[in-house]
Amino acid sequence: MVSLQHVALCALVLERPVLVTSTDPHTTVKRVQKILQGWPVNSQVTPITTANGASVFSLLDMSLENQRTLYRELRKQKYPLVLVSSPESELDTKLETLLLFNYKDELNDLPQPSELFRFTSLEAIRKSVRQVTITTEMKTYIYDLIVEVRYSRFIKGGIPTYIIADLTDFIRFKAFILEMTFVTPAIVKTCFKIVLPLRLHLIDPEDDPSLLYGSNPTLVQQLIRAIDANDVIDIAISNVRPPI
């Protein structure tokens, strides 16, 4: 993402919960709240029970049990929500699967208001996002990348099908904030690297299938510990040829 403003706008337009990680969560909550209050929606720091508005609140003092309650509420409907956390905070694995992406807030980076904020209607922005063209060839590229990641030897549990819709919506939104009316392979690659890391769970060393064929357990353990979700995505991108 380009800025915290774009992150907040993404949550509003796509009506998806997003995570913002900050070394100063309390300041970030205030920043997001101020951004949301600039839009014609009911923005406030409130529990999830707020109806038809955008909310922002910190996960710092939220127990895992309460995070699971939040997960059960969020999975029932689309909801524009910004959750703020610190790098050290524990995140419930189920709640994590619903979050569109994790944005790291750089508090020393205070960008100028985006030109996108010239819009006065969120519906006008949503309409423009929906009108971004994804050609048949580009859709095939997206699906091929999903399959390549899903069948990685390092991934546990695959990738739920519903993620394709979240990913496609975000790809359109990314193209829109770049002021493009169509999707390119570069945009697709960037969006995969933004959206998928939260959704991928890596196998434990003892679960690596190559152990069944005599691989050295110590070497396998070193390999698995050196791999992260971003590496898996990079490998998939290098293996799938984009459309010309």
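Coordinate-derived values only; no laboratory data. Small disclaimer: the values here were computed from a predicted structure and weren't measured. Here the Cβ positions follow ideal geometry from the backbone for every residue, glycine too, while neighbour counts run over all protein chains shown.
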³J(HN,Hα) across the stretch 61-77 via Karplus (A = 6.51, B = -1.76, C = 1.60, θ = phi - 60°), whole Hz, x for Gly/Pro? 9, 9, 5, 5, 5, 5, 5, 5, 5, 4, 4, 5, 6, 5, 6, 7, 7
Applied in sequence order to the stretch 97-102, the curve 6.51 cos²θ - 1.76 cosθ + 1.60 (Karplus, θ = phi - 60°) yields integer Hz couplings, x standing for Gly and Pro, of 5, 8, 7, 5, 6, 10
If His6, His201 are placed from fewest to most neighbouring beta carbons inside 10 Å, the sequence is His201, His6
Straight-line reach from Lys30: which lysines have a Cα under 18 Å away, not including same-chain ones fewer than 8 places off? Lys104
By the C-alpha gyration tensor axes a ≥ b ≥ c (rounded if a/c is under 1.5, else prolate when a/b exceeds b/c, else oblate), the shape of the stretch 127-239 is prolate
Highest average packing first - 135-143, 11-19, 191-199, Cβ atoms within 10 Å: 11-19, 191-199, 135-143
Scalar couplings 3J(HN,Hα) for the stretch 133-138 by Karplus 6.51 cos²θ - 1.76 cosθ + 1.60 (θ = phi - 60°), nearest whole Hz, x for Gly and Pro, are 7, 10, 5, 4, 5, 6
Interchain or long-range residues, amide H under 5 Å from Thr21's placed H: Ser85, Tyr103, Lys104, Asp105
Built amide H within the under 5 Å cut-off of Ser58, gap 5+: Val84
